[in-house]
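Just passing along the structure, written as structure tokens.
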Amino acid sequence: MTVLETIQKRRSVRTFDPSPLKEEDAQNILQFASRVENPFDLPIRWKLLDAKKHSLSSPVIVGTDLYIAGKLPVAPHAEEAFGYTFEKVVLFAESLGVGTTWIAGTMNRSAFEKAMEVGKGEIMPCVSPLGYPSSKMTLRETVMRKSIRADSRLPFEELFFSGSFDRPLKKEEAGDLAPALEAVRLGPSAVNRQPWRIVVGEDRRVHFFEKQNSGMADRGFDVQKIDLGIALCHFEMVAAENSLSPAFVLDPPALPVGENMHYIASFALK
Ligand SMILES: Cc1cc2nc3c(=O)[nH]c(=O)nc-3n(C[C@H](O)[C@H](O)[C@H](O)COP(=O)(O)O)c2cc1C
């Protein structure tokens, strides 16, 4: 399966089959997570957590007691680094048939932070359950997906631009960038807000911006910057799969940007 196909297939799984995750799958995921590097060079420590042992709970998750969580130092770009890395783990789990859900809010956070031994100067932005997806969703999950319109995404031309923010980019005009941009569009995001905006320059530099919504940065970190880390991950993996040799750069372009729009990072393409 290609990376783009894995991205197309992934969805948040909140209802799990009661058969526990095979030890081999759990260890594979943990080892994979500890090997993933991120373009911001920040160290992330991962643990598998037993919900029963640590009294962990999430009101939206049913059928599994196993979670994965990561923590890292508070630093510039910590959220993007975490989003980028955790999404690689999520896609790896998906390729093994293991379901995940990004969780930043709906959990007893202090119990998770205690289990992760989060120290001063560290953050644990998100966790995810791990398990095999149940063939049937709970009513609660079905209602939740409907209320945040989890199956829909904004159209291409509302997210992507050519040269400047006043020139929307249509999928038919995106040429060899279309699959990597489509991979960004399909990504998961907190409350499905899809804060990623991209300007493609004539020099084939692809600039990522966060369109920040209010109230999303008051947990001590900006959850939408995690979404942008996910976008960077999807773009880079699918651009590489399409032989575009994406090279990561932190170099804001001289562009007029709107209010609440923040530069995140860029990729230079072949
Ligand atoms: C950073 C982040 C935080 C999230 N936090 C939660 C959460 O606390 N609880 C939850 O049920 N889903 C959470 N989600 C999952 C989103 O609601 C979900 O990705 C989005 O609705 C799209 O649905 P999909 O993942 O099935 O494509 C989060 C997603 C991201 C990326």
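Pairs needed: first member in segment 204-215, in the same structural domain as Phe160 (by TED's automatic domain parsing); second member anywhere, part of a loop (DSSP other than H, G, I, E, B); C-beta distance under 6 Å; at least 6 residues apart or different chains.
Pairs found: Arg204/Leu269; His207/Pro253; Glu210/Pro195; Lys211/Pro195; Gln212/Asn260; Asn213/Arg193.
Please tell me if Ser135 is part of a loop (DSSP other than H, G, I, E, B), farther than 21 Å from Ser243 by Cα and in the same structural domain as Val223 (by TED's automatic domain parsing).
Answer is no for this residue.
Moving to a separate point now. When you scan segment 150-230 for strands (runs of 3 or more DSSP E) that lie fully inside it, which ones turn up with 1 or more residues that are away from the ligand (no atom under 16 Å from the Cβ) and farther than 22 Å from Pro76 by Cβ?
Numbers: elements: 160-162, 196-200, 205-211.
Because the criterion is at least 1 residues that are away from the ligand (no atom under 16 Å from the Cβ) and farther than 22 Å from Pro76 by Cβ, the strands (runs of 3 or more DSSP E) in segment 150-230 that meet it are 160-162, 196-200.
Follow-up. Take Glu113 and decide whether it is assigned to a helix (DSSP H, G or I), under 13 Å from the mean Cα position of the chain (by Cα) and not aliphatic (A, V, I, L, M). First the steps, then the outcome.
Numbers: assigned to a helix (DSSP H, G or I): yes; under 13 Å from the mean Cα position of the chain (by Cα): no; not aliphatic (A, V, I, L, M): yes.
In short, no.
Does segment 145-165 contain at least one residue that is assigned by TED's automatic domain parsing to the domain that holds Phe209, surrounded by 12 or more Cβ atoms within 10 Å (Cβ to Cβ) and of a type in the set (Ser, Thr, Tyr)?
yes
Just to verify a result, which residue in segment 106-115, among those that are within 16 Å of the ligand (Cβ to nearest atom) and of a type in the set (A, V, I, L, M), is surrounded by the most Cβ atoms within 10 Å (Cβ to Cβ)? Lay out the reasoning, then the answer.
Of the residues in segment 106-115, the ones within 16 Å of the ligand (Cβ to nearest atom) are 106-113.
Subset that is of a type in the set (A, V, I, L, M): 107, 111.
Working: Met107: 22, Ala111: 15.
Looking at residues that are within 16 Å of the ligand (Cβ to nearest atom) and of a type in the set (A, V, I, L, M), I get Met107.
Can you find a residue that is of a type in the set (D, E, K, R), within 25 Å of Arg153 (Cα to Cα) and in contact (Cβ under 8 Å) with a residue 60 or more places away in the chain anywhere in segment 239-253?
Start the filter on segment 239-253 by keeping residues that are of a type in the set (D, E, K, R), which leaves 241, 251.
Of the ones still in play, those that are also within 25 Å of Arg153 (Cα to Cα) are 241.
The next check asks that each one be in contact (Cβ under 8 Å) with a residue 60 or more places away in the chain; those that pass are 241.
Yes, segment 239-253 has at least one match.
Failed condition for Arg14, given (1) farther than 30 Å from Glu122 by Cβ; (2) within 17 Å of the chain's Cα centre (by Cα); (3) surrounded by 20 or more Cβ atoms within 10 Å (Cβ to Cβ), with all others met?
Status for Arg14: all satisfied but (1).
Out of Glu37, Glu23, Glu79, report the one residue that is at pLDDT 95 or above, surrounded by 18 or more Cβ atoms within 10 Å (Cβ to Cβ) and not assigned by TED's automatic domain parsing to the domain that holds Trp196. Quick ask: steps written out before the conclusion?
Working: Glu37 fails: surrounded by 18 or more Cβ atoms within 10 Å (Cβ to Cβ); Glu23 fails: surrounded by 18 or more Cβ atoms within 10 Å (Cβ to Cβ).
Of Glu37, Glu23, Glu79, the one residue that is at pLDDT 95 or above, surrounded by 18 or more Cβ atoms within 10 Å (Cβ to Cβ) and not assigned by TED's automatic domain parsing to the domain that holds Trp196 is Glu79.
The values are calculated or read from the model by the stated rules, or taken from the named source; none is laboratory data. All figures in this text were calculated on a predicted structure; none of them were measured in a lab. Here the Cβ is made from the backbone with ideal geometry for all residues, glycine too, and neighbour counts use every protein chain on show.
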